[in-house]
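Structure first, then comments.
The values are calculated or read from the model by the stated rules, or taken from the named source; none is laboratory data. All values derive from a computational prediction rather than experimental measurement. Don't worry about glycine lacking a Cβ; one is built from the backbone with ideal geometry, like all the others, and counts go over all protein chains shown. Just the protein is used for accessible areas: all its heavy atoms, side chains included, with ligands, DNA and RNA removed. Shrake-Rupley method; radii C 1.70, N 1.55, O 1.52, S 1.80 Å.
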Amino acid sequence: MNTLYSDMDKETLVKEKNALERQYIEFKKKNLSLDMSRGKPSVKQLDISLPMMDVLNSASDYKSSVDVRNYGLPSGIPEAKKLMADMLDVSEDNVIVCGNASLNIMYDIVSTAMIKGIMGHTPWHKLDKVKFLCPVPGYDRHFSITEYFGIDMINIPMTPEGPDMDLVEEYVNNDESVKGIWCVPKYSNPQGLTYSDEVVKRFAALKPKAPDFRIYWDNAYCIHDIYDDRSDKLYPIFDECRKNSNEDMVYIFGSTSKVTFSGGGISAVACSGANIEDIMKRITIQTIGHDKINQLRHVRFFGDLDGMKNHMRKHAEIIRPKFGLVLDMFEKELSGLGICEWIRPNGGYFISFEAMEGCASKIIDKAKQAGVVLTGAGATFPYKKDPYDKNIRIAPTFPEEDELKLATELFILCVKLVSIEKLIGE
């Protein structure tokens, strides 16, 4: 049983610090070079999709409703629309299938809103102020898009149920300059939380002051369950928006980036018919069409949603021991010390770790000096500024288990060392 560091007197803390520093020096001698800064699939995970490369060859039938080798169907082939619609829990009539990354779709929609406006509304670049709500901690690449366009970002604290909806409603329903909110509703990045039914219903019932306000519902981890016996369920927002006559208010995004190949998947946006018409005005000018051969390859490989889910169970078998390894080590070495907290997720790609206030950047720097690169401090907040310097995103999927064990040992050591230094300084 660990003893609270805050219960130790200064002399005991100094002794503990000296012992930890000796361990840290030994770690530095190992000359580690491990990168845990991004949520990347491991080589083993990528390998399970290799048979997909064999489903099409020179003797294959390349016909969908069109010959996929030729021009046509800029919104995607029907079979791919059906597959992605089932994954995102919507109708295929509400889906556009795009390229290899949903991030690209999000960027294009925000860019179009800036330049041309959404569904005939004033282009954002002509407005004095444009704001986005950002649940925090959140996904750094979302924040990078809005920062790139000079959009003001407002932190919205996450609760165990999802974003603080009292704050969301206050901003959205009363401030016309609030044009959007970033959401990762299932197994959120980085906390691994899933929005409650009540939170989803409150989102669908928003009464935006701005007619071009949109919910950017990035359902990136909708089928990324780690455990068969305790997977989270997400209430379907699109149907709920329809009930509230808010069908135009949401864009739903998803992709197979962490299902098949990170650089060679397919992506989709699901939205109302009016939004689809608005988006297709740009797409039909921007491109002749996305890669229909890759769409057909995915359809033939999976068959249907059940095929995708069976494939995801193979991913879970690979990453489940890695999550378990890290979380069990945290539990053994850090629980009861009173210096940190973490969330044990049921799916997704990350573990969210909360250090003592003012310690995250020092922990990350110490780990880097000893050869382990973590996601940068502040990355999970707009402008890379964590106001409390506490949150650290742990990405356990990419390293092999022996490397992951070493990296976690070092991380735990750095957490203890930096926390003790803070307590001694106080």
Of (1) at pLDDT 95 or above; (2) buried (at least 19 other Cβ atoms within 10 Å of the Cβ), Ile343 fails just (2)
Tell me, which residue of the range 297-314 that is open to solvent by less than 30 Å² (accessible area, probe 1.4 Å) and out of contact with any helix residue (DSSP H, G or I) (no Cβ under 7 Å at 6 or more places or on another chain) is farthest from Asp228 (Cα to Cα)? Gly307
Residues (surrounded by fewer than 12 Cβ atoms within 10 Å (Cβ to Cβ), within 27 Å of Gly348 (Cβ to Cβ) and not hydrophobic (A, V, I, L, M, F, W, C)) located in the range 25-46: Ser33
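For (1) part of a loop (DSSP other than H, G, I, E, B); (2) within 22 Å of the chain's Cα centre (by Cα); (3) free of Cβ contacts under 8 Å to residues at least 24 places away in the same chain, each residue gets a yes or a no:
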| residue | (1), (2), (3) |
| --- | --- |
| Asp35 | no, yes, no |
| Gly39 | yes, yes, no |
| Leu46 | no, yes, no |
| Met52 | no, no, no |
| Tyr71 | yes, no, no |
| Ser75 | yes, no, no |
| Leu83 | no, yes, no |
| Asp86 | no, yes, no |
| Val90 | yes, yes, no |
I'd like to verify a number: residues in the range 354-383 that are surrounded by fewer than 23 Cβ atoms within 10 Å (Cβ to Cβ), among the small types (Gly, Ala, Ser) and in contact with a Ser or Thr (Cβ under 6 Å, 6 or more places away or on another chain), how many? 1
Here are some residues: Ile96, Ile105, Ile109. Which one is in a strand (DSSP E or B), closer than 27 Å to Val259 by Cβ and either among the hydroxyl-bearing types (Ser, Thr, Tyr) or touching a strand residue (DSSP E or B) at 6+ places or on another chain (Cβ under 9 Å) (or both)? Ile96
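Rundown of residues vs (1) crowded, with 19+ Cβ neighbours inside 10 Å; (2) among the polar types (S, T, N, Q); (3) free of Cβ contacts under 8 Å to residues at least 60 places away in the same chain, yes/no style:
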residue: Asp140; (1), (2), (3): yes, no, no
residue: Pro163; (1), (2), (3): yes, no, yes
residue: Trp182; (1), (2), (3): yes, no, yes
residue: Ser188; (1), (2), (3): yes, yes, no
residue: Trp217; (1), (2), (3): yes, no, yes
residue: Asp228; (1), (2), (3): no, no, no
Taking the range 340-386 and keeping only residues that are of a type in the set (Ser, Thr, Tyr) and assigned to a loop (DSSP other than H, G, I, E, B), one is left with Tyr349, Thr375, Thr380
If I go through the range 1-30 residue by residue, how many of them are part of a loop (DSSP other than H, G, I, E, B) and at pLDDT 90 or above? 5
Restricting attention to the range 387-416, which residues are part of a helix (DSSP H, G or I), buried (at least 21 other Cβ atoms within 10 Å of the Cβ) and out of contact with any Pro (no Cβ under 9 Å at 6 or more places or on another chain)? Leu410, Phe411, Leu413, Cys414, Val415, Lys416
Gly324 meets each of (1) in contact (Cβ under 8 Å) with a residue 12 or more places away in the chain; (2) in a helix (DSSP H, G or I); (3) open to solvent by less than 40 Å² (accessible area, probe 1.4 Å); (4) under 21 Å from Pro396 (Cβ atoms) with one exception, condition (1)
